[in-house]
Every structure is written in structure tokens, then in C-alpha cells.
Amino acid sequence: MVNSVPVLQQLNPRGFVIVEARLSIPLSKLLADIKKNIGRGSVLQVFSASSIISREHLLCAYINACMSFEEKTNIASTVGLEMLLFAAMSRQIEESLRRVGAVDGERIVVFADSPKVLNSVKGCLKGAKRFSPSRKASLIAAKRLGLREIDSKSVISAVALSRVCS
């Protein structure tokens, strides 16, 4: 449990921030800044924009990551990294980084569990806007992840089942 309150009772989807942007600094510097400056209990995770199907894809990955910590079935040491595993629909960190991890020079998607957490890195982001991929972009991302459908139900099912079926 986080803060002794069950995860599902803590979730406030309006508090989440999911933006698409380009980096104004090298990815390695952003990751070092995140590790250094993001407080315990906060989540800020970056992904390749070309691998994320929808906002629901990331919200489902986040919920499953939190639940895995609550249930003590997590693979990763942080909720953010566990979220990356669920978003990639994989149990392997290296494979997940290849599938959905951010890459220098590409557009990224940043998930933050609060606006305050996002503000801590906003200066590193160029052209940040609400993440809202086109249907074509969602289809490309789904194909990269091995999915044929991009409707919310299919994506949520795939993310949730990835831990059981992989």
C-alpha cells in the first residue's frame, strides 16, 4: 500500500498529466534529473511517443504498476519502471526499454502523477502539449506492440493480461 490507503482509493485521473514534447536536453540528463529531483512516492516516466497508443494505455499501465506494488508482485524497484513494463506489455526491462522507452531526438510522452511533478522538468521540454495521438499514430503504436485493435477495451485488456500471459 502507498500511504496506507489502497491504490484504487488514491487514484485521481484528473491529477495525472500526460504530455507529448521534444527534449531540450539529452535524455540521459533528463533521466538523471528525474532520479535526483523527483520525490519518493511521485511518478514521472518518459516514453517514446511512437509506442504509446493512447492516454488510456498509460493510465492502465500506471494503475497496474501501483497494484503490483500493493500486491507485492512488482518486478521493478519503482512504480515508474513497473509502469514502463506494463506499457510495453513485457516482463523484461531491456525489452520494455526497446519497445516503449524514450530515445534522444524523438518525440516523447511524459506521464506525471501530478502537475507539480511535471513542472519540475517542464524547462527540459520543448513544445509540450496534451498527449492526444491521431488514429494513425495509435495504429502504428499498436502494431509495434503486437496489437491489432486500438479500442480502449482491447488496450486495457492487453496491458492487464501482459503480466499473466508473458
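The values are calculated or read from the model by the stated rules, or taken from the named source; none is laboratory data. Bear in mind the structure is a predicted one, so any value in this text is a computation, not a measurement. We place every Cβ from the backbone using ideal geometry, glycine too, and count neighbours over all the protein chains shown.
What to note about this one:
Conditions tested, residue by residue: (1) among the basic types (K, R); (2) closer than 22 Å to I150 by Cα; (3) at pLDDT 95 or above.
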residue: L11; (1), (2), (3): no, no, no
residue: F16; (1), (2), (3): no, yes, no
residue: S24; (1), (2), (3): no, no, no
residue: I38; (1), (2), (3): no, no, no
residue: F47; (1), (2), (3): no, yes, yes
residue: L59; (1), (2), (3): no, yes, no
residue: A65; (1), (2), (3): no, yes, no
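- Subset of segment 133-150 [surrounded by 12 or more Cβ atoms within 10 Å (Cβ to Cβ) and within 22 Å of V17 (Cα to Cα)]: P133, A137, S138, A141, A142, I150
- Test result for L161, in a helix (DSSP H, G or I), of a type outside the set (V, I, T) and surrounded by fewer than 19 Cβ atoms within 10 Å (Cβ to Cβ): yes
- For segment 50-77, the set of residues classified as aliphatic (A, V, I, L, M), part of a helix (DSSP H, G or I) and surrounded by fewer than 21 Cβ atoms within 10 Å (Cβ to Cβ) consists of L59, I63, M67, listed by residue number.
- In segment 89-99, the qualifying residues are those that are assigned to a helix (DSSP H, G or I) and of a type in the set (A, V, I, L, M, F, W, C), and the one that is farthest from V164 (Cα to Cα) is L97.
- Of the criteria (1) assigned to a loop (DSSP other than H, G, I, E, B); (2) touching a residue at least 24 places away in the same chain (Cβ under 8 Å), which one G105 fails: (2)
- Scanning segment 121-151 for residues that are under 17 Å from the mean Cα position of the chain (by Cα), of a type outside the set (A, V, I, L, M, F, W, C) and modelled with pLDDT under 95 gives K122, R144.
- Taking each residue of segment 32-43 that is within 15 Å of V110 (Cβ to Cβ) and looking for partners that are basic (K, R) and assigned to a helix (DSSP H, G or I) with beta-carbon atoms closer than 9 Å, six or more apart or interchain, yields S42/K116.
- Leading residue by the ranking (nearest to the chain's Cα centre (by Cα)) among those in segment 67-102 that are under 24 Å from I150 (Cβ atoms) and of a type in the set (D, E): E82
- Single residue of F86, F47 found to be aromatic (F, W, Y) and in a helix (DSSP H, G or I): F86
Residues are listed down the side, and each one gets a yes or a no for (1) under 14 Å from F16 (Cβ atoms); (2) touching a residue at least 12 places away in the same chain (Cβ under 8 Å):
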{"position": "A65", "(1), (2)": "yes, yes"}
{"position": "L84", "(1), (2)": "no, yes"}
{"position": "E94", "(1), (2)": "no, no"}
{"position": "L125", "(1), (2)": "no, yes"}
